[in-house]
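The values are calculated or read from the model by the stated rules, or taken from the named source; none is laboratory data. Keep in mind the model is a prediction, meaning the values are calculated, not measured. In this analysis, Cβ positions are derived from the backbone assuming ideal geometry, glycine residues included, and neighbour counts consider all displayed protein chains. To get the accessible areas, we keep the full protein, side chains included, count just its heavy atoms, and leave off ligands, DNA and RNA. Shrake-Rupley method; radii C 1.70, N 1.55, O 1.52, S 1.80 Å.
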Amino acid sequence: MDLIQVCSSQLFTLQSVIYEHEGVFIHPSSDEDGIEQDLLISGSLRIVDKDGEIIVEYRPLEDTVDPSNMLCAGKDSSSVMEWAQCPGERSHQLLETQQSYETEWDMVNAVSFKKKPCTNGEGSLNHSNERSRWAFAFSVTDLRSITVKEEGWTFLFFKLKESSTPLPTLHFHQGGSREFLDSLRRFALLSEPPDDETCLLVSTPNKALSQSFENLLDDNNFGLVHQKFRKDPYVTTLGSFSKVTNYIFDAFRGTEEQHQRPPEEVADLLGEVIPGLEINQQEEPGFEVITRIDLGTRPQVTRREPLSAEDWTKHQDPEGRMIKIPHLKQVIFKGGLCHAVRKEAWKFLLGYFRWDSTLEERKALQRNKTDEYFRMKLQWKSVSEEQERRNSRLRDYRSLIEKDVNRTDRTNRFYEGIANPGLVLLHDILMTYCMYDFDLGYVQGMSDLLSPILYVMENEVDAFWCFVSFMDQMHQNFEEQMQGMKTQLIQLSTLLRLLDLAFWNYLESQDSGYLYFCFRWLLIRFKRELSFQDVLRLWEVMWTGLPCENFHLLVCCAILDSEKQKIMEENYGFNEILKHINELSMRLDVEEILQKAEGICLQIKSCKDLPDSVSNILGFETDAPGSDPTDSGSPLAPRPAQRQDACSNGHGHLRATSSHNSCKVAFIS
């Protein structure tokens, strides 16, 4: 495989699909050597987001599909069958044994993965190479114009800014041209010149808008976008808490100079961004005394290797009960799990299985939970179109789920491709959750929490109940009043003030003391910030409940601690801070973050004068009379706090507060 083919392969796989339409044709010219006049090349046209760059890509159909890797859906069970990438490496072993109670529910369309019989594929490969020269891709920023013409159907001709080689004209025999142009308008301005109504001139901002903008264009949020986007693109993006996907660059701000926003403007913006946020702008003359607390030196910690399958088995007694559970959790916290163990261990970590349950008790539980799941699934699958027409909430849930499922982790092999069975399971589990918790229903972002769980479980029923357990922890994040999000932002601000008051003061001076740029981190537990495999590691570590409560807040502090120097040295302002934080996505190392977060925890825990507010956030208990905090058999606990302020290292100082440079924030429920 040459360099061009390698680049093409990477372009095709490492991306998130925004628009896709098959049945787009190329009509090769009859004067080209070896080309028949009536030959039509059928292919797939896509708009994809690759690392923040918007790409238009056309691939002939034969060059798009490798028949040896096709997946097909069945109705035989809710289990998943392993398939091999290379021809000849078939796997006939079911990852989950089909039980009789599973097949009884075939009427509900359980889905399984199966591999079609493999062939050597040589014929299809040769045929594909003949047509691969018709494939092309270009960045939207390189596009100069699009000519749109009608000839019984619509066909489009693309002209690039710096290319002497013309691209093939694309013919939409089966429609789809309007949807393509509408999708393109989300990332570029298409305007007609006065002298040619068939030509659309393309102009793009300095960087393409992310898919977040697409999400914000829903009818329920259009008013907020229309009023706020041009003024504050970042804050507007965060304004719909369920739609904080990637990020939006400040494309519409032009060359507008950075300036200090008056507090009343910040109050107005953030009041709309986060419902229930009340900001006190009253002038408070005088000074606020803030005393710094010496946290001492941050200890160095090390990470370990993941827990192996052999070690996991050693923690079970003959009847299947887990033993030495505190030690087991400590090992998982320090190194995570090897992937072979996750399918079983996550059920314990999430609370689906009790640690003291026997193997037989767990089998009985799974049988009961399978029946319960499919009864709930049958409730929505048996709703007629007439019923759904009269049930607006269910109709809205279904529409939202279908939209989100189609853009959740599509670059992951488990979910990639068209009509992937993994997407069917993702959809069905989320719809069934609506039946389980109809008051909450479905909120955007929940598909991000389910996706890794389904990937690990490879089973519809187990994935559902593990997701239920996870949602029990995350429920308040998605409630209408967002009380969980409000509380976490306050707690994070308190911890950051303790760890680094100078950095916190800088953020506050840039109207960023509310830490709104951490919103997505907290909402979906860093799902969009880390690679998929790193998310699995982070979640299983956090699910141990070690080394303290709300450890995810210390993970936030660890990331900010690594970025504070650049933010302050570059003198980043309001929008630059949010842009910088969002651009960290997929550039973070989970092991470094966990190492630093654990060190921060030990540093805070060893502090002798820890404020009560911090002790409460992290779940540190005060020392009992006569206890020895250095005793290795018990965790270190701080002394009773003498101050309520969460402050930073060093000397005491005075900080002036006035209506010109600060706003006091209070969340109300």
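Restricting the first member to segment 164-179 and to residues that are over 17 Å from S145 (Cα atoms), and the second to residues that are open to solvent by 40 Å² or more (accessible area, probe 1.4 Å) and part of a loop (DSSP other than H, G, I, E, B), the beta-carbon pairs closer than 7 Å and six or more apart or on different chains are F172/W153; H173/W153. With respect to (1) modelled with pLDDT of 95 or more; (2) open to solvent by 20 Å² or more (accessible area, probe 1.4 Å); (3) not charged (D, E, K, R), the lone exception for Q483 is condition (1).
Okay, residues lined up against (1) hydrophobic (A, V, I, L, M, F, W, C); (2) more than 20 Å from V555 (Cβ to Cβ); (3) exposed (fewer than 15 other Cβ atoms within 10 Å of the Cβ):
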residue: P326; (1), (2), (3): no, yes, yes
residue: Q330; (1), (2), (3): no, no, no
residue: F333; (1), (2), (3): yes, no, no
residue: A340; (1), (2), (3): yes, yes, yes
residue: G351; (1), (2), (3): no, yes, no
residue: D356; (1), (2), (3): no, yes, yes
residue: L359; (1), (2), (3): yes, yes, yes
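Is one or more of the residues making up segment 394-402 within 15 Å of D462 (Cβ to Cβ) and part of a helix (DSSP H, G or I)? Scanning segment 394-402, I find no residue that is within 15 Å of D462 (Cβ to Cβ) and part of a helix (DSSP H, G or I), so the answer is no. For segment 164-177, the criterion of a residue being at pLDDT below 80, outside any helix (DSSP H, G or I) and of a type in the set (V, I, T) is satisfied by at least one position.
Out of all the residues in segment 444-464, is one or more assigned to a helix (DSSP H, G or I), of a type in the set (S, T, Y), over 30 Å from Y514 (Cα atoms) and without any contact (Cβ under 8 Å) to a residue 40 or more places away in the chain? Among the residues of segment 444-464, not one is assigned to a helix (DSSP H, G or I), of a type in the set (S, T, Y), over 30 Å from Y514 (Cα atoms) and without any contact (Cβ under 8 Å) to a residue 40 or more places away in the chain, which makes the answer no. Output yes when any residue across segment 380-387 is part of a helix (DSSP H, G or I), open to solvent by 50 Å² or more (accessible area, probe 1.4 Å), of a type in the set (S, T, N, Q) and at pLDDT 95 or above, and no when none is. No, the conditions are met nowhere in segment 380-387. Within segment 305-324, the presence of a residue that is part of a loop (DSSP other than H, G, I, E, B), surrounded by fewer than 13 Cβ atoms within 10 Å (Cβ to Cβ) and polar (S, T, N, Q) is excluded. Considering D404, D428, the condition of being within 30 Å of R59 (Cα to Cα), at pLDDT 90 or above, crowded, with 19+ Cβ neighbours inside 10 Å and of a type outside the set (G, A, S) is satisfied by D404 alone. For beta carbons closer than 8 Å, sequence separation of 6+ or different chains, a first residue in segment 539-560 that is on the phi < 0 side of the Ramachandran plot and a second that is open to solvent by 10 Å² or more (accessible area, probe 1.4 Å) and among the polar types (S, T, N, Q), the qualifying pairs are T544/Q330; L546/Q330; L553/Q488; L553/Q491.
Figure legend. Inter-residue proximity from segment 374-398: first residues closer than 15 Å to V443 by Cα, second residues among the hydroxyl-bearing types (S, T, Y) and surrounded by 14 or more Cβ atoms within 10 Å (Cβ to Cβ), beta-carbon distance below 9 Å, spacing 6+ or different chains. Indicated pairs: D396/Y442; Y397/Y442; R398/Y442. Residue under question is Q481, and the condition is that it be under 21 Å from the mean Cα position of the chain (by Cα) and not charged (D, E, K, R); does it hold? Here the answer is no, as Q481 does not meet what is asked.
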